[in-house]
Amino acid sequence: MRSAPHSLGRFLPALTTVVVLGCGAPSGVPLPGALRVQTAGPKAAGSAVRWLLNARILDPEARTERLGHLQLQGGHIASVHRERPANPGPNTVDLHGAWLLPAFVDLHVHSWGNPSPLPGPDHRCGHAETARLMLAAGVVAYLDLGSKPRTIFALRDQVRAGLVPGATLYAAGPVLGHIVGMKPGPGGPDARLRQTRTPAEGRAHVRALVASRPDIVKVLMDHTGPEQDLSLASLNAIVDEAHRHGLRVICHIGTWQDARACVMAGADALTHLWDEDDVPAELVQILAKRRIPLIPTQPVQVDLPHFSGPNAPGWRDPLLRQLTTRHLQETYRQTARFVQKAKFWLRYQGAHAKGYERQLLTLHKGGVVLLAGSDTGNFGTFQGYSLHRELALMVRAGLPVWAALKAGTTAAGRFLGRKLGVKVGDEASFVVLAASPLVAISHTQRIRYVIVRGRLVDRAALLAGTSVADTFRASRCRRR
């Protein structure tokens, strides 16, 4: 059986403070024009908003668009009005018919940075600065699935305490799995993979994680190659122990047989698709009946060709150029110099893209819950930006635009316990768009405002970050 390119590379890799600096270098692309704020309105980002007037409100749950006015209070929606209030008072923002959507959520991230496909340094902007990039891209919450536990859990707690600015971080910590012949890496108990050879080891790993309060437990159940060999007994032990401690489990799957094993073990979600066979009808029915969500992560499986070569279409997107450095952009144009792994991924993805689209459409038509995730930290993915690509690839596969929007906003938020939406009582976290995503899904990138729990985000500061500039600093950018 062929080993899919994702089999090893992909798994290894509160109130929010909103005036921050990002690690994306200025790219020469003009920032989107700001919407007008009324004279009595907030003068600076970070200010609380009382009213959002004249918004075209997009509701992914009800699949409706309507013109309305939102009153915000305490970080939530206090009321929704069809008629404009006569005297809204201070802290009022007039959106003048721009499109308002619940904010985005990315459910599969490796937040260390962005890899370069060339020999040499990566764009290692770091976990903290990834949180800033996410927020600049309209992503208010994201789930890191496989980082060193001491690093990621400490950062998560700092972000939630308001000590580190950026999008809210949720984290799994290390991945639990078994790689045959893999030598222990540096870091010991702080390694990104915890080798699980027996059920007893699996239970012990889960118990060791409990003190760190992981938001999820991630399991590597991937048999696309002989080097990966987590047993069914170990899988069942991990899921059972996690549930004993009130923790949910996401399974990285390689084959549809792996997916079925995870479902039978009681896993709470699956991530990835398999490129070799169509999805078995029985598995579709089980996933739909049990409401077990699947996070397809299309960007990591098909997007590298979209950004590779001197005339790659992906780099035309202003948002991507704003979120990355010129240096990183240039590395993707030099396909002849790609490292062998990147060259292999480039060929492999080009040959399997249509199969992934077919599988994704089959799952959607079968009633399976689909949630958006990008799997950033791998070739052809970019922190913050690739969540937008996940939605675009869902639509390209044949999903309705509303289904894609729901997967990346309200449904993804619900998985993390966030009540995102546009109804009274919902969290007041939104993206305001300059054009309708119902006309073109790529319009999710045309962000005018990001609002987090009723407060304006200073996107100009986020996008004008200088901590990495256009160079790869040796202290931050060593090879992975």
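The values are calculated or read from the model by the stated rules, or taken from the named source; none is laboratory data. Note that the coordinates shown come from a computational prediction; the quantities given were computed from them, not determined experimentally. Reconstructed Cβ throughout: ideal geometry from the backbone, glycine too, with neighbour counts over all protein chains shown. Heavy atoms of the whole protein, side chains included, go into the accessibility calculation; ligands, DNA and RNA do not. Shrake-Rupley method; radii C 1.70, N 1.55, O 1.52, S 1.80 Å.
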(Q) Amide H of residue 448 versus every other amide H placed in the peptide plane: which residues, excluding those fewer than 5 positions away on the same chain, fall under 5 Å? (A) 432, 433, 434
Q.
I'd like to compare 210-216, 444-450, 378-384: which one has the highest average count of other Cβ atoms within 10 Å, and what's the full order after that?
A. 378-384, 444-450, 210-216
Q) Hey, of (i) 22.9, 73; (ii) 21.5, 71; (iii) 25.9, 99, which did the structure itself give for Rg and Dmax of the Cα atoms in Å when calculated? A) (ii)
Q: Taking amide H positions as placed in the peptide plane 1.01 Å from N, state which residues far from residue 269 in sequence (5 or more) or on other chains have amide H under 5 Å from it.
A: 249, 251
Q: Would you please give the FRET efficiency between residue 86 and residue 291, computed as 1/(1 + (r/R0)^6) with r the Cβ-Cβ distance and R0 = 56 Å, to the nearest 0.05?
A: 0.80
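Given contacts defined as C-alpha pairs under 8 Å and at least six residues apart, what's the relative contact order of the range 133-281, whole-number percent? Could the numbers behind the result be given before it?
Numbers: 275 pairs, mean separation 28.4, N = 149.
Relative contact order here is 19 percent.
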Q) What percentage of the solvent-accessible surface of the range 107-162, computed with a 1.4 Å probe over protein heavy atoms, is contributed by carbon and sulfur atoms? A) 53
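Determine the relative contact order of the range 385-428: mean sequence separation of Cα pairs under 8 Å and six or more apart, normalised by residue count, in whole percent.
Working: 26 pairs, mean separation 9.5, N = 44.
It comes to 22 percent, rounded to a whole number.
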Q: Using only the alpha-carbon atoms of the range 319-429, report the extent along each of the three principal axes, biggest first, to the nearest angstrom.
A: 53, 33, 20
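Accessible area per residue for the range 40-147 in Å², computed with a 1.4 Å probe and the full protein assembly in place, what is it? If you can, show how the numbers build up before the last one.
Numbers: 3310 Å² over 108 residues.
It amounts to 31 Å² per residue over the range 40-147.
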Q.
Going by average Cβ density within 10 Å per residue, which order do the peptides 86-95, 127-136 take, highest to lowest?
A. 127-136, 86-95
Q: Report, in debye and to the nearest 20, how large the dipole of the chain comes out about its Cα centre when Lys and Arg carry +1 and Asp and Glu carry -1 on their Cβ.
A: 740
Q) On the accessible surface of the range 211-347, probed at 1.4 Å, how many percent belong to carbon and sulfur atoms? A) 50
(Q) Suppose all protein chains stay in the model; what accessible area per residue would a 1.4 Å probe give for the range 405-446, in Å²? (A) 30
Q | Anchor residue 406: aspartates and glutamates whose Cα lies under 13 Å away (excluding residues fewer than 8 positions away in-chain) | A | 59, 61, 106, 390
Q: State the percentage of accessible surface on the range 375-467 attributable to carbon and sulfur atoms; use a 1.4 Å probe and exclude ligands, DNA and RNA.
A: 53
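Tell me, what is the per residue accessible area of the range 326-383 in Å², probe radius 1.4 Å? Spell out each step's value before the answer.
On the way: 2280 Å² over 58 residues.
Computed with neighbouring chains in place, this is 39 Å² per residue.
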